[in-house]
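A.B. asks: My questions all concern the structure below.
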Amino acid sequence: MMEVSMRLVSSGRLHAVFDFGGLQVISLRDGYIDMPPSRLRDEHGCPLPNVPDGVPLVGDNLRLAVNAFFVTDGTTSLLIDTGASDNWHDPTMGLIYEALDEARIDRALITDVAITHDHEDHVSGLIMPDGSEAFPKLERVWIGAGDTAVFTGRLETIRERVVPVSERLAINDWATAVPTPGHTPGHTVYEITSGTAHLLVWGDTVHVPTLQFEHPQVAWEFDGNQAQARAARAVLLERLSEANHFVAGAHLDSPGIARVSPAGTGYALEYLAPPIG
């Protein structure tokens, strides 16, 4: 089988298009959120005493990009994560609808959405600020079985279309849901396969890319089970260091698609496109 690469084709203010063999992968920027460094945790669950050199701060905060990803073979498509909509009431977030328009993706044609986990900046975009469904022809929402309780309140109307994921599950010919609990009980990675190449699309496996690749033992305050999240990250990083593997991360610097390689006691991250936004 012919080796497949990931190649940037075009980009705009809120999106970037990559060729991935017979697939097109489009990164969509929902925005960013600033978080205090006190969210970072050491191996004992305690706040890090200081932020290492090389980790940039904006003011006194860490700036986390928020990305979603659209994958299509021209006939079948999958949107992975949906951003925050207006749930955080933050003007730097909720841009995914504008990003979809910029990328010329018709929301009315999206039938399948995969959610990495149940936190607001990943699932809330299913419902627009005016309360209407963002994807009027939505048929299925894939999410880890441990996170399905999120479908109440504004998300209640979607509950009957939820597909719980409790084990590896094929979504279509090229996308597989892979449970990776830890950050949340239902945290799920979506593996996209094209030829011999693999793209792992994750949600909150890594929050601070300038720190957690070099020091993967560092956890995040909102990891529901920090030890389990740390173990899941170790497995995924080892997998990503294999040949012809790529990562797309919700909180990697937009557009958030990169290669990973071993470096010292940790890993190095190589982005495939310059930052946008």
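A.B. asks: Work out from phi, with θ = phi - 60° and the Karplus expression 6.51 cos²θ - 1.76 cosθ + 1.60, the ³J(HN,Hα) of each residue of region 148-158, listed in order in whole Hz, and give x for Gly and Pro.
C.D. replies: 6, 5, 5, 7, 9, x, 4, 8, 4, 5, 9
A.B. asks: Build a GNM of the chain with springs between Cα atoms under 10 Å: which of His215, His245, His122 gets the top mean-square fluctuation?
C.D. replies: Comparing His215, His245, His122 in the GNM, the peak value goes to His215.
A.B. asks: Please give the Cα centre distance for region 1-60 versus region 167-238, rounded to the nearest Å.
C.D. replies: 13
A.B. asks: A further question follows. Please compute the net charge surrounding Val163, taking Lys and Arg as +1 and Asp and Glu as -1 over other residues with Cβ under 15 Å from its Cβ.
C.D. replies: The answer is -2.
A.B. asks: Taking the structure as given and computing Cα Rg over 2.2 N^0.38 Å, which label from (i) 1.14; (ii) 1.08; (iii) 0.93 fits?
C.D. replies: Looking at Cα Rg over 2.2 N^0.38 Å for this model, the match is (iii).
A.B. asks: In Å, the Kirkwood hydrodynamic radius of region 68-196 over pairs of distinct alpha carbons?
C.D. replies: Every distinct Cα pair counted, the radius reaches 14.8 Å.
A.B. asks: So, one more: In nm, give the distance between the simple-model label positions of Asp173 and Ser261, each being 7 Å from the Cα along the Cα-to-Cβ direction.
C.D. replies: A separation of 3.3 nm, rounded to one decimal place.
A.B. asks: Note down the relative contact order for region 69-116 as a percent, whole number, built from C-alpha pairs under 8 angstrom at least six residues apart.
C.D. replies: Once divided by the residue count of region 69-116, the mean separation gives 42 percent.
A.B. asks: Hey, another quick one. Any idea what the dipole of region 118-173 comes to, in debye rounded to 20, about its Cα centre with Lys/Arg Cβ at +1 and Asp/Glu Cβ at -1? Mind dumping the intermediate values first?
C.D. replies: Working: 6 positive and 11 negative charges, 33 e Å.
Dipole magnitude for region 118-173 comes out near 160 debye.
A.B. asks: Determine the per residue accessible area of region 135-277 with all protein chains present and a 1.4 angstrom probe, expressed in square angstrom.
C.D. replies: On a per-residue basis, region 135-277 sits at 40 Å².
A.B. asks: Another question about this same structure. Exposed loop sites here are trypsin sites (Lys or Arg not before Pro) in DSSP loop states with at most 16 other C-beta atoms within 10 Å. What is the longest stretch of the chain lacking them? Walk me through the intermediate numbers first.
C.D. replies: Numbers: sites that count: Arg13, Arg104, Lys137, Arg168.
In short, 169-277.
A.B. asks: I would also like to ask the following. Given a 10 angstrom Cα cut-off, can you work out which residue in Thr188, Thr75, Thr157 is the most mobile in a GNM of the chain?
C.D. replies: In this elastic network of the chain, the residue with the biggest mean-square fluctuation among Thr188, Thr75, Thr157 is Thr75.
A.B. asks: Going from most exposed to least, what order do Tyr190, Tyr32, Tyr97 have by accessible area with a 1.4 Å probe?
C.D. replies: Tyr32, Tyr97, Tyr190
A.B. asks: What are the ³J(HN,Hα) couplings of region 207-223, residue after residue, when phi is run through the Karplus curve with 6.51, -1.76, 1.60 and θ = phi - 60°? Round to Hz, x for glycine and proline.
C.D. replies: Result, ordered by residue: 9, 10, x, 6, 10, 7, 7, 5, 10, x, 6, 6, 10, 10, 3, 8, 5 Hz.
A.B. asks: Sticking with this one: If you put +1 on each Lys and Arg Cβ and -1 on each Asp and Glu Cβ, how big is the dipole of the chain around its Cα centre, in Debye rounded to 20?
C.D. replies: For this selection, approximately 300 debye.
A.B. asks: Determine how large the accessible area of Ser38 is when every protein chain is in place; take a 1.4 Å probe and give Å² rounded to the nearest 10.
C.D. replies: The accessible area of Ser38 comes to roughly 60 Å².
A.B. asks: Still on this structure, I have one more. Once you list every other residue whose beta carbon is under 14 Å from the beta carbon of Thr193, what net charge do they have if Lys and Arg are +1 and Asp and Glu are -1?
C.D. replies: -3
A.B. asks: Amide H to amide H, which residues 5 or more places from Arg41 or on other chains are under 5 Å from it, using H placed in the peptide plane?
C.D. replies: Those qualifying (amide H under 5 Å, at least 5 residues apart or on another chain) are Leu48, Ala219, Trp220, Glu221.
A.B. asks: Give, rounded to the nearest 20 debye, the magnitude of the charge dipole that region 209-270 has about its Cα centre when Lys and Arg contribute +1 at Cβ and Asp and Glu contribute -1 at Cβ.
C.D. replies: Values: 4 positive and 7 negative charges, 25 e Å.
Once rounded to the nearest 20, the dipole reads 120 debye.
A.B. asks: Okay, next question. When only Cα pairs under 8 Å and 6 or more residues apart are kept, what is the percent relative contact order across region 23-179?
C.D. replies: Answer for region 23-179 is 18 percent.
A.B. asks: List the pair-distance distribution P(r) of region 153-204, using every Cα-Cα distance, as the percent of pairs falling in each 5 Å bin from 0 up to the bin containing the longest distance, rounded to whole percents.
C.D. replies: Reading upward from the zero bin: 5, 18, 21, 22, 19, 10, 3, 1, 0.
A.B. asks: Can you figure out the FRET efficiency of Ser166 with Arg13, using R₀ = 41 Å and their beta-carbon distance, to the nearest 0.05?
C.D. replies: FRET efficiency, Ser166 to Arg13: 0.60.
A.B. asks: Could you compute how much accessible surface Phe222 exposes when probed at 1.4 Å, giving the result in Å² to the nearest 10?
C.D. replies: 90
A.B. asks: Here's a follow-up. So how far apart, in nm, are the two label points at Glu139 and Glu270 if each is 7 Å from Cα heading toward Cβ?
C.D. replies: According to this spin-label approximation, the distance is 3.9 nm.
A.B. asks: Okay, moving on. Taking 7 Å along the Cα-to-C-beta vector as the label spot, tell me the Asp34-Ala227 distance in nanometres, rounded to one decimal.
C.D. replies: 3.6
A.B. asks: Could you work out [θ]222 nm for the chain from helices alone, using -39500 (n - 2.57) per DSSP H run of at least four and dividing by all its residues? Round to the nearest 500 deg cm²/dmol.
C.D. replies: Dividing the helical sum by the residues of the chain leaves -3000 deg cm²/dmol.
A.B. asks: Leaving ligands, DNA and RNA out of it, report the carbon-plus-sulfur percent of the accessible area of region 121-216 at a 1.4 Å probe.
C.D. replies: 53
A.B. asks: Below 8 Å between Cα atoms, with a sequence gap of 6+, how large is the relative contact order for the chain in percent?
C.D. replies: Contact order relative to length: 19 percent.
The values are calculated or read from the model by the stated rules, or taken from the named source; none is laboratory data. As the structure is a prediction and not an experimental result, all values here were calculated from the model. We place every Cβ from the backbone using ideal geometry, glycine too, and count neighbours over all the protein chains shown. Note: accessible area is taken over every heavy atom of the protein model, side chains too, but ligands, DNA and RNA are not part of it. Shrake-Rupley method; radii C 1.70, N 1.55, O 1.52, S 1.80 Å.
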